[in-house]
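The values are calculated or read from the model by the stated rules, or taken from the named source; none is laboratory data. Being a predicted model, the structure only gives us computed values, none of them experimental. Backbone-built Cβ (ideal geometry, glycine too); neighbour counts: all protein chains shown.
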Amino acid sequence: MRISAIDATIVPGDKFAHAGCMTMPLHDHIIYGPVRSRRLGRSLGVNLLPAGMKVCNLNCAYCQYGLTRGVNRHRMATAGWPTPAAVEAAVEERLARAAATNELIDRITVAGHGEPTLHPEFELVVERICAARDRVAPAIPLAVLSNSTTVGWPDVGKALKMFDERHMKLDAGDPITCSLVNGAGPSIADMVDGLARLPHITIQSMFVRDRAGQIDNTTDGAISEWLQALERIRPSSVHVYTIDRPPARSSLYAVTRRRLREICGQVRAAGFPAAMFESRQPDRRASR
């Protein structure tokens, strides 16, 4: 028996909403958008996180959803995860509405306000999303945005291979820079090894600086370490970009177009296709 698509579009668990100020509001539903993405076009978002609660095992200085608070950094640290059946029904219902009105959707993107691979049933959820997409809109690519920290988990590795596009985070190639930009997390060496085993991935790298000079992953040394990691991973492509929305740490500012172009040039010189995405917000651009 099918779950009502209307009921399934709302994730149970508003009572788990985190109290605090976030740079962007957290999602109350499984489906959001389509949003206009610099990199992915008109992207229909799928949020696998509990409603109103950020769950992430990193604490990125630039996160548009603010810093991760308390213990919400692990799979079993909270409740309120949407069920696989609810996700499937929500995706199918929204795609059916889009098809009925000829609404343009470039991608279905599993992302949300945290790390989607932390969902306790991530592999089954992805199977259900694929099934809904294949029934209603088989031509729309299915993408995932991940921070790459769980890439070595067996169930996550299997699930990631079901996506048409895997956009995997790597903001630094050395542990010190990674810790400054992303906060404490798994070993950078383990992440790189796991990414090297995944087929056809796009590495997404956010470059930032702060006004105090404490956070900067654009220095020559940091870029050299990052390029060495790319050599190990051998990605299909690399997305080089900077902040475009208010970050968790207000001292951050966007990297200049010139520096992004220099980084892109180094990536291409190493033999990898690269695309650059600068900030669209004048007040987020560097003043120097």
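Structure values in brief
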quantity	calculated
Residue identified as surrounded by fewer than 20 Cβ atoms within 10 Å (Cβ to Cβ) and free of Cβ contacts under 8 Å to residues at least 12 places away in the same chain among 138, 175	138
Within the stretch 104-135, tally of residues that are surrounded by fewer than 21 Cβ atoms within 10 Å (Cβ to Cβ), more than 28 Å from residue 63 (Cβ to Cβ) and in contact (Cβ under 8 Å) with a residue 40 or more places away in the chain	4
Residues of the stretch 236-255 that turn out to be without any contact (Cβ under 8 Å) to a residue 60 or more places away in the chain and either buried (at least 18 other Cβ atoms within 10 Å of the Cβ) or in a loop (DSSP other than H, G, I, E, B) (or both), as a count	9
Checking residue 170 against (1) closer than 20 Å to residue 241 by Cα; (2) at pLDDT below 95, the condition it does not meet	(2)
The lone exception for residue 97 - which of (1) closer than 22 Å to residue 165 by Cα; (2) surrounded by fewer than 21 Cβ atoms within 10 Å (Cβ to Cβ); (3) modelled with pLDDT of 95 or more it fails	(1)
Any hit, the stretch 151-159, residues being among the basic types (Lys, Arg), closer than 28 Å to residue 98 by Cα and not assigned by TED's automatic domain parsing to the domain that holds residue 218	no
Given (1) buried (at least 17 other Cβ atoms within 10 Å of the Cβ); (2) at pLDDT below 95; (3) within 20 Å of residue 24 (Cβ to Cβ), index of the condition residue 206 fails	(2)
Number of the condition not met by residue 260 [criteria: (1) closer than 11 Å to residue 279 by Cβ; (2) not in a helix (DSSP H, G or I)]	(2)
Residue count, the stretch 57-79 (criterion: modelled with pLDDT of 90 or more and within 14 Å of residue 24 (Cβ to Cβ))	4
Matching residues, the stretch 234-288, being among the aliphatic types (A, V, I, L, M), over 17 Å from residue 223 (Cβ atoms) and either out of contact with any strand residue (DSSP E or B) (no Cβ under 6 Å at 6 or more places or on another chain) or modelled with pLDDT under 90 (or both)	248
Hey, residue 266 surrounded by fewer than 22 Cβ atoms within 10 Å (Cβ to Cβ) and in contact with a Gly (Cβ under 9 Å, 6 or more places away or on another chain) or not	no
Test for residue 229: is it small (Gly, Ala, Ser), crowded, with 20+ Cβ neighbours inside 10 Å, within 23 Å of residue 277 (Cα to Cα) and over 18 Å from the mean Cα position of the chain (by Cα)	yes
Residue selected from the stretch 157-167 under the condition of a type in the set (A, V, I, L, M) and surrounded by 22 or more Cβ atoms within 10 Å (Cβ to Cβ), by the criterion farthest from residue 236 (Cα to Cα)	159
Helices (runs of 4 or more DSSP H) (entirely within the stretch 139-226) containing at least 2 residues that are among the aromatic types (Phe, Trp, Tyr)	none
